[in-house]
1. Radius of gyration and Dmax for the stretch 131-192's Cα atoms, expressed in Å?
2. How far apart, in nm, are two points set 7 Å out from the Cα along the Cα-to-Cβ line at Phe361 and at Lys307?
3. According to the Cα gyration tensor, what semi-axes, each the square root of 5 times an eigenvalue, does the equivalent ellipsoid of the stretch 64-144 have, listed from largest to smallest in whole Å?
4. Over the chain, what is the percentage of antiparallel beta bridges among all DSSP beta bridges, to the nearest 5?
5. Any idea what log10 I(q)/I(0) is at q = 0.24, 0.30 Å⁻¹ for the stretch 461-514, Debye with uniform C-alpha scatterers and no solvent?
6. Express the carbon and sulfur contribution to the solvent-accessible surface of the stretch 353-448 as a percent, rounded to the nearest whole number, probe 1.4 angstrom.
7. Ratio of alpha-carbon Rg to the 2.2 N^0.38 Å globular estimate for the stretch 196-327, to two decimals, please.
8. Any idea what % of Cα-Cα pairs in the stretch 324-388 are farther than 14 Å?
Amino acid sequence: MMLQQCILRTCHVLALVLCVSASEDFDWTKNERTSFYYGTFPTGFSWGAGSSAYQTEGAWNMDGKGMSIWDTFAHKKGKIFSNDTGDSSCEGYYKFKDDITLMKDMKLNHYRFSISWPRILPSGLKSEHINEKGIKYYNDLINILLENKITPVVTLYHWDLPQVLQEKYGGWQNISMVNHFNDFANLCFERFGNRVRYWITFNNPWSIAVEGYETGEHAPGLKLKGTGAYKAAHHIIKAHAKVWHTYDMQWRSKQKGLVGISLTADWGEPVDITNQRDIEAAERYIQFYMGWFATPIFNGDYPQVMKDYIGRKSGQQGLGASRLPVFSPQEKSYIKGTCDFLGLGHFTTRYITQKNYPSGFGDSYFADRDLAELVDPQWPDPGSEWLYSVPWGFRRLLNFVKTQYGNPMIYVTENGVSEKMLCTDLCDDWRMQYFKDYINEMLKAIKDGVNVKGYTAWSLLDNFEWDEGYSERFGLYYVDFRNKNKPRYPKASVQFYKRIISSNGFPNQREVESWKRKAVETCSSSNQLLAAARRKSQGNQEHAGMQKAWPVHDEV
């Protein structure tokens, strides 16, 4: 992977970076990279946690649910770490009432979840069959959330495309998906819209396009290098716009809801802020990442830098036209402005420098960008190999959105950190520190004038982490996946986040400094309960003569 190749070259480059503070890049963060701001969020700021259907529901073939591309992909050996699947996952399909009790105890204002397309339309098509049992599940979930004064924030597509549509049409490579997705969305508006105010069309379309159709790391696992990602993204943008217009014309006056999209983006910081090539490379990194989707939705067309670079590379490769599809004038006007709010997922930051990829390197989204990603070895990296804690990048990204897209209303839809540990410890001090630092940078961004209205911690529960299976845990609550009942245990970060919510921010230094200490004190009893449950479970297995090995990556 390009990043891994580049890390070996970081040391001499980062010597310069660490001497020349990159905070010079933006005036509003001068001398504030390590300072903590004590203050509170605006009245009415919404605090929540998130999940997605395939990652948490389980019940993959129950009550009439159809197959999704992730059901198919995860069942293929070698695609997922340890050959894990989401077949049962957190059993959220059966345990959602218990989970809402956890949310209520944390005093969450909202809960972000996704609707599984094949759970309510098993064949993917509204015209063929509506699965009323699937409709009932989401109705019950929404109703009980509202009874507990928790606002549902609903994602329509969090990656689990009906498998039938992949096989029949080629999934997001086919323009017909625009109408099929619109039919699915329209059904959701019809059945749930009288109680749901916030709709997200797509979660992280960058990942759908690049990892699903370019690298093949995610379902459907296709490697259509240089073309597949761009074509998928093109159709996703059109599908988003059509759903927005459908809601606007048919439902908005009755339901008073809002339709947005959730884009995930790292921040890209120039390695050398005095080098124009690095500055341009960092801008290009963000435009190829978030701007790929945000610029058409806000401004009507792809970023100019994407059109220039992909067009030039396509010409050098002897192609008659750019590998980046083109929007017609009518499509540009149709797509522009189709966003009531921007959902923003953010986890980490990269240093970016110019790197030229010759045309002979081959067709590739990554080569099209002509840049290299670097990391600072001193950045904390508690879990996922790609996720380093770089809080100051969050404020920069939020300000970038404000400047680039006319200060839209923003809901942070994903932010959190994983652990990847051989032992189980619910006293997750690194996660508490991550939340404290990142949420504080978001507070500074609001002081800068960024229009952030809500924050969603990722995630409520440990869950199925896509191609990493269960080897990485983002949850506030630990899930014991080896127990068929999938019990939940609060990590220390539950209490810490709860205190941020109840204080609506960081009221004063003395109080905030006590939060982590008190949270760690409460998690020791949870550790004891989990250890006792493990011993009991192991004893029962041995008594029954079941010597099945537990996964090595999840050993105590």
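The values are calculated or read from the model by the stated rules, or taken from the named source; none is laboratory data. Please read all numbers here as calculations on a predicted model, not as lab measurements. Counting neighbours? That spans all protein chains shown, and the Cβs are built from the backbone with ideal geometry, glycine included. Quick note on the areas: whole protein, heavy atoms, side chains included, nothing else; ligands and nucleic acids left out. Shrake-Rupley method; radii C 1.70, N 1.55, O 1.52, S 1.80 Å.
1. 14.1, 42
2. Label at Phe361, label at Lys307, 2.4 nm between them.
3. 25, 20, 9
4. Bridges in the chain that DSSP calls antiparallel: roughly 25 percent.
5. At q = 0.24, 0.30 Å⁻¹ the computed log10 ratios are -0.88, -1.13.
6. Roughly 50 percent of what the probe reaches on the stretch 353-448 is carbon or sulfur.
7. 1.19
8. 75 percent
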